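For reference, the structure discussed in these notes is given below.
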Amino acid sequence: MAKAPLIFTYYIAAPVEKVWDGFVSKEANQKIFMGADFELDLKPGGAMIWSGPSKDGKPMRYVTGEVLRAEPPKLFEYKFGMGDGAVMSRVKVELTPETEAVKVVVTNDDWAEDDPAYPQNADGWPRILSRLKTLLETGKTFRPH
């Protein structure tokens, strides 16, 4: 049986360009992901890599992704997986400007039956999006649990 898509909707009180930057900039990703290095080649087929030290201090790849579509500042679609990305799911980020905020809809779907990251992502997306919202609205964020 297919895993249900994970869909999250948030409203962020910031200009749409700033919200877009929150998803694709190295600086915002480092703040949201506690200092992880972020590399992004923002074109279809481009690589996305979050990396940093492992528990023993050696370099480690946390997440591997590939850009599927990028239409700044309204649509960003990619696939990603933990570690080397052997098992990936798809993410679509849709940004819609409203009067004083941007509606952010994140859909994480196309799950492999054996993807162990599903429960982690179901729990993690609200935390990540809350950290991003806080960062963009206040200039600082909070540590994860």
For LYS31, the net charge from surrounding residues (Cβ-Cβ under 15 Å; K, R +1; D, E -1) works out to +3
Could you tally the net charge around LYS43, taking each other residue with its Cβ under 14 Å from the Cβ of LYS43, Lys/Arg +1 and Asp/Glu -1? -4
What share of the DSSP beta bridges in the chain is antiparallel, in percent to the nearest 5? 100 percent
Within the range 1-137, what whole-number % of the accessible surface is contributed by carbon and sulfur, with the 1.4 Å probe and all protein chains included in the calculation? 55 percent
Percent of Cα-Cα pairs more than 19 Å apart in the range 1-74, please. 49 percent
So what's the gap between the Cα centers of the range 28-49 and the range 65-116, to the nearest angstrom? 13 Å
Ranked highest first by the average count of other Cβ atoms within 10 Å around their residues, in what order do 45-53, 74-82 fall? 74-82, 45-53
What is the local net charge at VAL19, summed over the other residues whose Cβ is closer than 13 Å to its Cβ (Lys, Arg +1; Asp, Glu -1)? -2
For the range 127-141, just list the computed ³J(HN,Hα) in residue order, Karplus coefficients 6.51, -1.76 and 1.60, θ = phi - 60°, integers in Hz, with x standing in for Gly and Pro. 5, 4, 5, 5, 5, 5, 4, 4, 4, 6, 8, 10, x, 9, 9
Work from the charge dipole of the chain (Cβ charges, +1 for Lys and Arg, -1 for Asp and Glu, about the Cα centre) and give the residue of PHE23, GLY46, THR141 farthest towards its positive end. THR141
Mean accessible area per residue over the chain (1.4 angstrom probe, all protein chains present, square angstrom) is 56 Å²
Of (1) 0.95; (2) 1.01; (3) 1.62, the label for Rg/Rh (Cα atoms, Kirkwood Rh) derived from the coordinates: (1)
With +1 at each Lys and Arg Cβ and -1 at each Asp and Glu Cβ, the charge dipole magnitude of the chain around its Cα centre, to the nearest 20 debye, comes out at 400 debye
Unit charges on C-beta of K, R, D, E only; dipole of the range 70-110, Debye: 40 debye
Quick one: dipole size for the range 1-54, taken about the Cα centre, charges +1 on Lys/Arg Cβ and -1 on Asp/Glu Cβ, in debye to the nearest 20. 200 debye
Proximal aspartates and glutamates to LYS18, defined as alpha-carbon separation beneath 19 angstrom and excluding residues fewer than eight positions away on the same chain: GLU27, GLU39, ASP41, GLU71, GLU77, GLU94, GLU98, GLU100, GLU137
Would you list which lysines come within 30 Å of LYS55, measuring only between C-alpha atoms, while excluding same-chain residues fewer than 8 positions from it? LYS26, LYS31, LYS79, LYS133, LYS140
I'd like to know which of GLY65, SER130, GLY81 lies farthest towards the positive end of the charge dipole of the chain, counting +1 on Cβ of Lys and Arg and -1 on Cβ of Asp and Glu. SER130
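The values are calculated or read from the model by the stated rules, or taken from the named source; none is laboratory data. Computed from a predicted structure; not experimentally measured. Note that each Cβ is placed from the backbone with ideal geometry, even for glycine, and that neighbours are counted across all protein chains shown. SASA here: full protein model, heavy atoms, side chains in, ligands and nucleic acids out. Shrake-Rupley method; radii C 1.70, N 1.55, O 1.52, S 1.80 Å.
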